[in-house]
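Report on the structure given below.
The values are calculated or read from the model by the stated rules, or taken from the named source; none is laboratory data. Since the structure is predicted, the reported quantities are computational estimates derived from the model, not experimental observations. Every residue, glycine as well, gets a Cβ built from its backbone with ideal geometry; the counts of neighbours run over all protein chains shown. Areas reflect the complete protein model, heavy atoms only, side chains present, ligands, DNA and RNA absent. Shrake-Rupley method; radii C 1.70, N 1.55, O 1.52, S 1.80 Å.
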Amino acid sequence: MIPFPEINPVAIEIGPLKVHWYGLMYLLAFALVWILGRYRIKKGMIDLTQQRFEDLIFYGVLGVIVGGRLGYILFYQPSFYLSHPLEIFSIWDGGMSFHGGLIGVLLAMYLFGRKEGKTFFEVADFIAPLVPLGLASGRLGNFINGELWGRPADVPWAMIFPGAGNIPRHPSQLYQMLLEGILLFIILWIFSGKKRPVGQVSAVFLMGYGVFRFIAEYTREPDSYLGFLALGFSMGQWLSIPMILAGIWLYIDSTKKQISL
């Protein structure tokens, strides 16, 4: 067992102003998207100006924050937030849903593509490889916050998380950072380095994230207010299954369209 590195969730405090590590991780995520996106534009991977790309990031930021928060509220704790509506705005305390954020980003990409005269999957294929490192920074934020800890474990690197009792647990946030973040980024970056049928990069993202999230959930403690659902799966696993199926369908469909051309 190794000790949990207790880090003050407040990174910077100046008088009444408090900047949380969780918020800084989101800023880092958007900065990584901006840097990687500018690189791909310079490489000619999409016909888009830097200025319009920054507009797309703005759309995406709104989609992530609004969709992620609403997704968490609706998927995980609707009764709590119905009773405590002001807590909806306390995003610095955690409580964001990836699947809700994904829906928000999809809507943002649709609106942006429609405005720019591009198909949805042209935009999605460009954005998909930019996302995983941002997800990795978000999981690091979860770890610093000491939230979303793992299930009890006896592995040498198990940790005792504050608020989770005196039981050593998997640092599942770090597993997710490595799988859904770094490994998925490497796969997508390499895969998208060559010209692919429209929709295939998005399909690999959906399949990759869904599979990695499904696997990581086996080490993550299910939310206490939900527990295990049907078939012993967690909410995260049930929400990942449609992503995997959609990714498989999209990959096959885009391949068939390419062959028929």
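The table for this structure:
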quantity	calculated
Per residue solvent-accessible surface (Å²) - the chain, probe of 1.4 Å	53 Å²
Net dipole in debye of the stretch 172-236 [+1 Lys, Arg Cβ; -1 Asp, Glu Cβ; about Cα centre; nearest 20]	460 debye
At R0 = 35 Å, FRET efficiency that the Cβ-Cβ distance of residue 82 and residue 228 yields, to 0.05	0.90
The stretch 1-66: trypsin sites (Lys or Arg not before Pro) in DSSP loop, at most 12 other beta carbons within 10 Å	43
Separation in nanometres of the label points that stand 7 Å from Cα toward Cβ, at residue 178 and residue 18	3.2 nm
Carbon and sulfur %, accessible surface of the stretch 141-228 computed with the full protein complex present, 1.4 Å	70 percent
Stretch gain in nm, segment residue 74-residue 195, where the contour uses 0.36 nm per residue and the Cα spacing is subtracted	39.8 nm
Sparse-neighbour loop sites [trypsin sites (Lys or Arg not before Pro); the stretch 169-250; at most 11 other C-beta within 10 Å; DSSP]	194, 195
Linear extension gain, residue 157 paired with residue 31, 0.36 nm per residue minus alpha-carbon span	42.3 nm
Electrostatic dipole magnitude of the stretch 1-83 [Cβ: Lys, Arg +1; Asp, Glu -1; Cα centre; debye, to 20]	280 debye
Residue among 239, 106, 82 with the largest mean-square fluctuation in a Gaussian network model of the chain, springs linking Cα atoms under 10 Å	82
Residues residue 119 and residue 43, FRET efficiency given R0 of 25 Å [Cβ-Cβ distance, rounded to 0.05]	0.80
Tail weight of P(r) past 17 Å, computed on alpha-carbon pairs of the stretch 1-129, percent	65 percent
Sparse-neighbourhood loop sites, chymotrypsin sites (Phe, Trp or Tyr not before Pro) in the stretch 182-239 - DSSP loop, at most 15 other Cβ within 10 angstrom	225, 228
P(r) of the stretch 101-151 over all Cα-Cα pairs, binned every 5 Å from zero, in whole percent	5, 18, 20, 17, 13, 11, 9, 5, 2, 0
Out-of-range pairs (alpha-carbon distance over 25 Å; input 42/118; 43/256; 118/256)	43/256
Fraction of alpha-carbon pairs over 16 Å apart in the stretch 186-236 - percent	53 percent
Per-pair calculated FRET efficiency, R0 = 41 Å: residue 249 and residue 8 via Cβ, rounded to 0.05	0.35
On Cα atoms only, tilt of 200-216 relative to the major axis of the chain in degrees	20 degrees
Cα-based Rg and Dmax for the stretch 93-180, where Dmax is the largest Cα-Cα distance (Å)	17.2, 56
Kirkwood-type radius of the chain, with distances r between different C-alpha atoms, in Å	19.4 Å
Fluctuation leader among 87, 122, 217 - the chain, Gaussian network, Cα springs under 10 angstrom	87
